[in-house]
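First the structure, in the form of structure tokens, and then the observations on it.
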Amino acid sequence: MHRLQYRRYRLPFRVPLRTAHGVWTEREGLLLRLEDETGRVGWGEAAVLPWFGTETADEAEAACRALGEYFDGAELGRVPAGLGCLRQALTAALDDGAMPAAAKPLPVAALLPAGRTALLRVGPLAEAGYRVFKWKVGVEPAGDELALFDDLCARLPDGGRLRLDANGAWDRRTAEKWLERAAERPVEFVEQPCFAKASHGADLLRRTEDLLLGLAADYPTPLALDESLVGEADVGRWLERGWRGVFVLKPSLCGEVGATMARLAAAKAMVVFSSALETAVGAKAALTAAFRWPGEPRALGFGVWPLFADGRLDGPPAAPFLRPEDVQRINAEAVWSALS
Ligand code: MG
């Protein structure tokens, strides 16, 4: 049995984030604290992303209230499956946080700004030691971005590779044009070329998923699913549909993430671990999951900090590599105290 406490937060970003879903100025969520009879304390974060399809902070908070003051790990099943962020937070707070004994540093992908500015950033980031670069596309007209694409490839360092993230902005024709061009270029994968939300209707959803499967089969560059994966159920569904591309996994959204990772590993899936823009508490759990991945390691999508106006809440600052000790050093209690 554990004593359950939670703190709701609303945290402004240092600078507003421009996402495919609009401008975003602050994030909401909850931190959890579980303490057992022996005084052992565990921490978790429900880093909700409602615009991405998760529960809201209100829903996560209401569910915490319903759990009451005491929580037994066996009660996890009482938390509805749709509350993937809260389920993950409880799972993380019960977890021992242990790293695999042989955990090695993992590379981190550098984030390039959209458009022409990316050309100016590649050189300094390569100099700093980055080898994988993520470029947001689908922001400006495709013709303009395709014209920059070759320049950008030419500026990559030896062994450098690009991840192109369209955030679902392309139609079939645009996606095909890009995939033709990407085939002979150092592109690790193309992320979410097309997307339809469940709220757009079952018909469009199904057609878009068929389109993604078709594009993945027709072109040599791997495709990655991000927006298509809001939680455990989506990962399971795409595994069942035989997705052979990359799964961008945000552990913070994934309920019992260990179980999801076991399914992905059994399918020999390609997995890229990615941030949900957590505080350091969620970062610790999400990065621990990434270090536990038994499959091929790929550059982490965690180059997001510093992120918050209050720097005490940030995860490990962006660097070309993250070491297990960088994660173990995160002081969850200090973040909890900073919120009081
Ligand atoms: Mg993405």
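Of the residues making up region 159-169, those that are farther than 21 Å from residue 209 by Cβ and open to solvent by 30 Å² or more (accessible area, probe 1.4 Å) are 159, 161. The set of residues from region 213-242 being under 27 Å from residue 85 (Cα atoms) and touching a Phe, Trp or Tyr at 6+ places or on another chain (Cβ under 8 Å) comprises 223, 224, 225, 227, 228, 229, 230, 235, 238. Looking only at region 10-28, how many residues end up being at positive phi and in contact (Cβ under 8 Å) with a residue 40 or more places away in the chain? Final tally of qualifying residues: 0. Just the residues that are small (Gly, Ala, Ser) and in contact (Cβ under 8 Å) with a residue 60 or more places away in the chain, please, taken from region 99-109. Residues satisfying the conditions are 103, 109. A search for C-beta distances below 6 Å between a residue of region 203-218 that is farther than 23 Å from residue 183 by Cβ and any residue that is in a helix (DSSP H, G or I) and open to solvent by 70 Å² or more (accessible area, probe 1.4 Å), counting only pairs 6+ apart in sequence or on different chains, returns 205/198. For residue 306, are the conditions met, namely being open to solvent by 30 Å² or more (accessible area, probe 1.4 Å) and assigned by TED's automatic domain parsing to the domain that holds residue 222? Judged against the criteria, residue 306 is a match. Collect the residues in region 114-131 that are within 18 Å of residue 317 (Cβ to Cβ) and not aromatic (Phe, Trp, Tyr), keeping them in residue-number order. Of everything in region 114-131, those that are within 18 Å of residue 317 (Cβ to Cβ) and not aromatic (Phe, Trp, Tyr) turn out to be 121, 124, 125, 127, 128, 129. Listed by first and then second residue, the pairs linking a residue in region 140-153 that is under 18 Å from residue 176 (Cβ atoms) to a residue that is part of a helix (DSSP H, G or I) and among the β-branched types (Val, Ile, Thr), with Cβ atoms under 6 Å apart and 6 or more places separating them unless they lie on different chains, are 142/174. Of the residues screened, residue 271 is one that is of a type in the set (A, V, I, L, M, F, W, C) and either closer than 30 Å to residue 159 by Cβ or modelled with pLDDT under 95 (or both). Residues in region 255-284 that are more than 16 Å from the ligand (Cβ to nearest atom) and open to solvent by 30 Å² or more (accessible area, probe 1.4 Å): 256, 258, 259, 262, 263, 265, 266, 267, 268, 284. Listed by first and then second residue, the pairs linking a residue in region 56-73 that is within 19 Å of residue 27 (Cβ to Cβ) to a residue that is open to solvent by 40 Å² or more (accessible area, probe 1.4 Å), with Cβ atoms under 6 Å apart and 6 or more places separating them unless they lie on different chains, are 56/50; 57/28; 61/8; 64/6. Here the condition is being open to solvent by less than 20 Å² (accessible area, probe 1.4 Å) and out of contact with any strand residue (DSSP E or B) (no Cβ under 8 Å at 6 or more places or on another chain); of 115, 123, it holds for 115 alone.
Each row is one residue, and each column tells you yes or no for (1) within 15 Å of the ligand (Cβ to nearest atom); (2) open to solvent by less than 10 Å² (accessible area, probe 1.4 Å); (3) at pLDDT below 95.
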site: 171; (1), (2), (3): no, no, no
site: 181; (1), (2), (3): no, no, no
site: 186; (1), (2), (3): no, no, no
site: 189; (1), (2), (3): yes, yes, no
site: 192; (1), (2), (3): yes, yes, no
site: 196; (1), (2), (3): no, yes, yes
site: 199; (1), (2), (3): no, no, yes
site: 202; (1), (2), (3): no, no, yes
site: 208; (1), (2), (3): no, no, no
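Open to solvent by 30 Å² or more (accessible area, probe 1.4 Å), within 15 Å of the ligand (Cβ to nearest atom) and not hydrophobic (A, V, I, L, M, F, W, C), is that true of residue 177? For residue 177, the condition - open to solvent by 30 Å² or more (accessible area, probe 1.4 Å), within 15 Å of the ligand (Cβ to nearest atom) and not hydrophobic (A, V, I, L, M, F, W, C) - is not met. For region 5-16, the criterion of being within 22 Å of residue 232 (Cα to Cα), of a type outside the set (Lys, Arg) and more than 19 Å from the chain's Cα centre (by Cα) is met by none of the residues.
Scanning region 234-254 for residues that are away from the ligand (no atom under 15 Å from the Cβ), open to solvent by 10 Å² or more (accessible area, probe 1.4 Å) and not hydrophobic (A, V, I, L, M, F, W, C) yields 237, 240, 241, 242, 244. For residue 231, the conditions (1) more than 30 Å from residue 316 (Cα to Cα); (2) within 16 Å of the ligand (Cβ to nearest atom) are fulfilled apart from (1). Of all residues in region 262-275, those satisfying the criterion of being touching a Phe, Trp or Tyr at 6+ places or on another chain (Cβ under 8 Å) and either under 29 Å from residue 17 (Cα atoms) or of a type in the set (Gly, Ala, Ser) (or both) are 265, 269, 270, 271, 272, 273, 274, 275.
The values are calculated or read from the model by the stated rules, or taken from the named source; none is laboratory data. As the structure is a prediction and not an experimental result, all values here were calculated from the model. Positions of Cβ are backbone-derived with ideal geometry, glycine not excepted, and every protein chain shown enters the neighbour counts. Only protein heavy atoms, including side chains, enter the accessible area calculation; ligands, DNA and RNA are left aside. Shrake-Rupley method; radii C 1.70, N 1.55, O 1.52, S 1.80 Å.
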